[in-house]
1. Quick one: what do you get for segment 257-416 if you divide its Cα Rg by 2.2 N^0.38 Å?
2. What is the sum of charges around Gly149, taking Lys and Arg as +1, Asp and Glu as -1, for the other residues whose C-beta is under 14 Å from the C-beta of Gly149?
3. For Val285, what charge total do you get from the other residues with a beta carbon under 15 Å from its beta carbon, if Lys and Arg give +1 and Asp and Glu give -1?
4. Taking amide H atoms as placed 1.01 Å from N in the peptide plane, list the residues 5 or more away in sequence, or in a different chain, whose amide H sits under 5 Å from that of Val98.
5. State the percentage of accessible surface on the chain attributable to carbon and sulfur atoms; use a 1.4 Å probe and exclude ligands, DNA and RNA.
6. Which one, Ser376, Ala400, Gly97, projects farthest toward the positive side of the charge dipole computed for the chain from Cβ point charges (K/R +1, D/E -1)?
7. Would you work out which of Gly52, Leu82, Val263 lies farthest towards the positive end of the dipole of the chain, given +1 charges on the beta-carbon of Lys and Arg and -1 on that of Asp and Glu, about the Cα centre?
8. Mind listing the long-range amide H neighbours of Thr402? Cut-off is under 5 Å, sequence gap 5 or more, other chains count too, H placed in the peptide plane at 1.01 Å from N.
Amino acid sequence: MRAVDRDGCFDPGMHMVSFDTARRAAAALARPLDRSEEVPLAHAVGRILATGIEAPRALPPFDQAAMDGYAVRLSGRAGVPLVLPLGGRTNAGDPPGVLALGTAHRVMTGAALPRGADTVVMQEHVTLRGDLVQVGCDIEPGAHIRRVGEDVAQGMTVLQPGRPIGWAEIALLRALGIRTVPVIRPLQIAVLTTGSELRDAGEPLPAGAIYDSNGPMLAALLGAPNARITSLSVPDDLAATAQALETQAGLVDLVITTAGMSVGDEDHVRNAAARAGGWLDIVKVAMKPGKPLAFGKIGDAYFVGLPGNPQAAACGALAFVRPMMRRLLGQAPADPITAEIAFTCARKPDRTELLPVSLSVEQGRLTAHRCGPDGSHRMMPMVSADAIAVVPGSSIPAQAGTCLEVLPFDQPRIGG
């Protein structure tokens, strides 16, 4: 579908769609950008792997002692006590030694296993008598040895593309001797807040004006190691909005606007997108809050038009923008998270409602509690919440104990 100028209104086919239809359309619209760069491992925390990583060596890289103790050869022996002369010593970092036939060899945790040894006896199970080592209990052959490659085999794929790099991945990659990794380039995102009433914090606030909260909110909500956010605002002016959209679309991967998405006299974003050479797939979604919401492209940049009320803008960002960002970064969709609601709420059959909730684990179940009264202009419910509950439309109220999808404000690493 194509957006057209105000003179012609909009394509009649641009009717309101369901919340689920809009989610599928947003996911289908976005395509992985497939742009990568090589970065030092120390700067890779939070970044997304562009290609898989194969192990250049095994872990452990050699047979090593898992305990401080004595390396011996038990093959062919039976019973205890076992008394052997002490024949050598290997510390962690030393080259592998050689176990002399019929002797015990002192080893430290992490030390290379001496050639010829098949077992390490813990020092707690040994009695020293001069240069003699006496083993005081039955020992299973092969005990307390870390075998080469038992954790990672050389050549195996240890990390798949699309995986975020966290502290555990850093440890693994450094243990493999890897210094740099290929990662997806960060998304470039422009957040354009529209409204002649908007002022920056610190500026004088004339009667009728308000401070811009949507721009900083979205920059904080969407900002990450894999996203670079530029924030700016424009007044309620068609030409100025069109110019800003066209300029930003030439600089970034994704343009997000807030407000101006409805059909009032001062709602210019739809027609500004058309003037900037853009097109829209969806312009209304059957959801509360956030019905006036659009997806499309302007030039090569993706476009999302969010509502102006802060709660509605946040819900749109959580439900649509974050999944689109994952798609653009080449990541698989996040696994759905569900919680039992601890409240009852009325529903309407023709719309999905997004409710601020706080999450807690109660009797082993993730539970969602309602936060604050209705009102897409309200900010305090969002401060009290840590997720949004997705309440599908129905003629039957949602009862306490119903299991619903929740969209956490922070993105937990669950299921990969």
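The values are calculated or read from the model by the stated rules, or taken from the named source; none is laboratory data. Keep in mind it's a predicted model, so treat the numbers as computed, not measured. Heads up, the Cβs are rebuilt from the backbone with ideal geometry, glycines too, and the neighbour counts pull from every protein chain shown. Heavy atoms of the whole protein, side chains included, go into the accessibility calculation; ligands, DNA and RNA do not. Shrake-Rupley method; radii C 1.70, N 1.55, O 1.52, S 1.80 Å.
1. Normalised by 2.2 N^0.38 Å, the Cα Rg of segment 257-416 equals 1.11.
2. With Lys, Arg at +1 and Asp, Glu at -1, the neighbours total -1.
3. Taking every Cβ under 15 Å from that of Val285, the sum is +4.
4. Distant-sequence amide H within range of Val98: Arg115.
5. Here carbon and sulfur together make up 53 percent of the probe-accessible area.
6. Of the listed residues, the answer is Gly97.
7. Most positive-ward Cα: Leu82.
8. HN-HN under 5 Å from Thr402: Ile341.
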